[in-house]
Amino acid sequence: TRSTRPKRLLRAVQKNATRGDPLSVISAIDHFCRHSEWAMNVGDEKGSILDSVVSELNPNTSLELGTYCGYSTVRIARLLPPGARLITLEFNPDYAAVARQVISWAGVQDKVELVEGPSGDLIPQMKERFGVETFDFVFLDHWKDRYLPDTNLLEECGLLRKGAVLLADNVICPGTPEYLAYIRNSPRYESRYFQSHLEYTKVEDGLEKSVFLG
Ligand SMILES: C[S@@+](CC[C@H](N)C(=O)[O-])C[C@H]1O[C@@H](n2cnc3c(N)ncnc32)[C@H](O)[C@@H]1O
Ligand SMILES: O=C(c1ccccc1)c1ccc(O)c(O)c1[N+](=O)[O-]
Ligand SMILES: [Mg+2]
């Protein structure tokens, strides 16, 4: 029953956010991370860039790599049209347990499927086990050395439709040099960098948005 940062974050949500109100969950987490304990959520500044990409795309089937406490899961799910769904992958069971409660507190659980396990094993199972044809949107925010191998895996498994959008967090800090080099030099993608800051800090960071051309 040792207290951990994710458990303290969850307690802050249960104390300060209103059940069924995703925006109150998002602001309770941002307040906690700004005033109590920094945590590796995408945050409010990069979060609003994420919001605009999702809102413009209106994705029917989305994939999130790296759930943690469910902050970006709630940010994405709250914007999805009825019937749309978000599959989010998390291999740390303690983080997944907290995320499930955050996602339920926000009331977006019906749009979200949280799957526990490593992305490298789960991506090849997306079609048969999860009934996915292709993804319209992928948010990459797991360990940074997995961005490129998992992107190649998505390509090889035929999981990206023409026009699918990949949005990658932390391309500056902590940085994803191999992924950036690949995606910016590939003729199969059209990429754009959105400059921002590392969540809750003044350090430069940003998101790379890449459209799969098929
Ligand atoms: C930065 S946190 C995710 C933050 C979350 N997207 C947000 O903005 O609220 C990264 C998470 O990815 C998970 N992770 C890292 N590599 C993974 C992998 N290969 N498969 C599944 N989960 C992974 C870690 O356990 C951690 O919870
Ligand atoms: O890698 C870290 C990290 C490294 C060192 C200490 C704390 C976090 C990190 C920092 C900001 C992020 O937005 C993020 O997604 C991550 N991450 O773990 O995936
Ligand atoms: Mg991140």
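By its C-alpha gyration tensor, with a ≥ b ≥ c as the square roots of the eigenvalues, how is the stretch 77-197 shaped: rounded for a/c under 1.5, else prolate for a/b larger than b/c, else oblate? Cα axes put the stretch 77-197 in the prolate bin. Taking the Cβ of GLU155 as the center, what net charge do the other residues with Cβ under 13 Å away carry, scoring Lys and Arg +1 and Asp and Glu -1? Once positives and negatives cancel, what remains is +1. Here GLU155 and SER48 are evaluated by their C-beta separation; at R0 = 22 Å the FRET efficiency comes out at 0.15.
Note: the chain, Cα convex hull, 111 Å³ per residue.
Extension gain for the segment ARG2 to ALA181, taken as residue separation times 0.36 nm less the Cα-Cα distance, is 60.3 nm to one decimal. Calculated [222 nm] ellipticity per residue, helices only, for the chain: -12500 deg cm²/dmol; basis is -39500 (n - 2.57) per DSSP H run with n ≥ 4, divided by all residues, nearest 500. The 3J(HN,Hα) values that the Karplus relation (6.51, -1.76, 1.60; θ = phi - 60°) gives for the stretch 73-81 are, in residue order, 4, 5, 4, 6, 4, 5, 9, 6, x Hz. Gly and Pro appear as x.
Given R₀ = 45 Å, what would the calculated FRET efficiency be for GLU128 paired with LYS202, taking r from the Cβ atoms and rounding to 0.05? Kindly include the intermediate steps, with their values, before the conclusion.
Values: r = 46 Å, r/R0 = 1.02.
My answer for the efficiency is 0.50.
What shape does the stretch 17-62 take by its C-alpha gyration tensor, where a ≥ b ≥ c are the square roots of the eigenvalues and a/c under 1.5 counts as rounded, a/b above b/c as prolate, and the rest as oblate?
Numbers: a/c = 2.79, a/b = 1.60, b/c = 1.74.
Oblate, since a/c reaches 1.5 and b/c is not below a/b.
Which shape class applies to the stretch 1-114: rounded if a/c is under 1.5, otherwise prolate when a/b exceeds b/c and oblate if not, where a ≥ b ≥ c are the square roots of the Cα gyration tensor eigenvalues? The shape class here is prolate.
FYI, it's all coordinate maths here, none of it is from the lab. Fair warning: this is a prediction, and the values are worked out from it, not measured in the lab. Backbone-built Cβ (ideal geometry, glycine too); neighbour counts: all protein chains shown.
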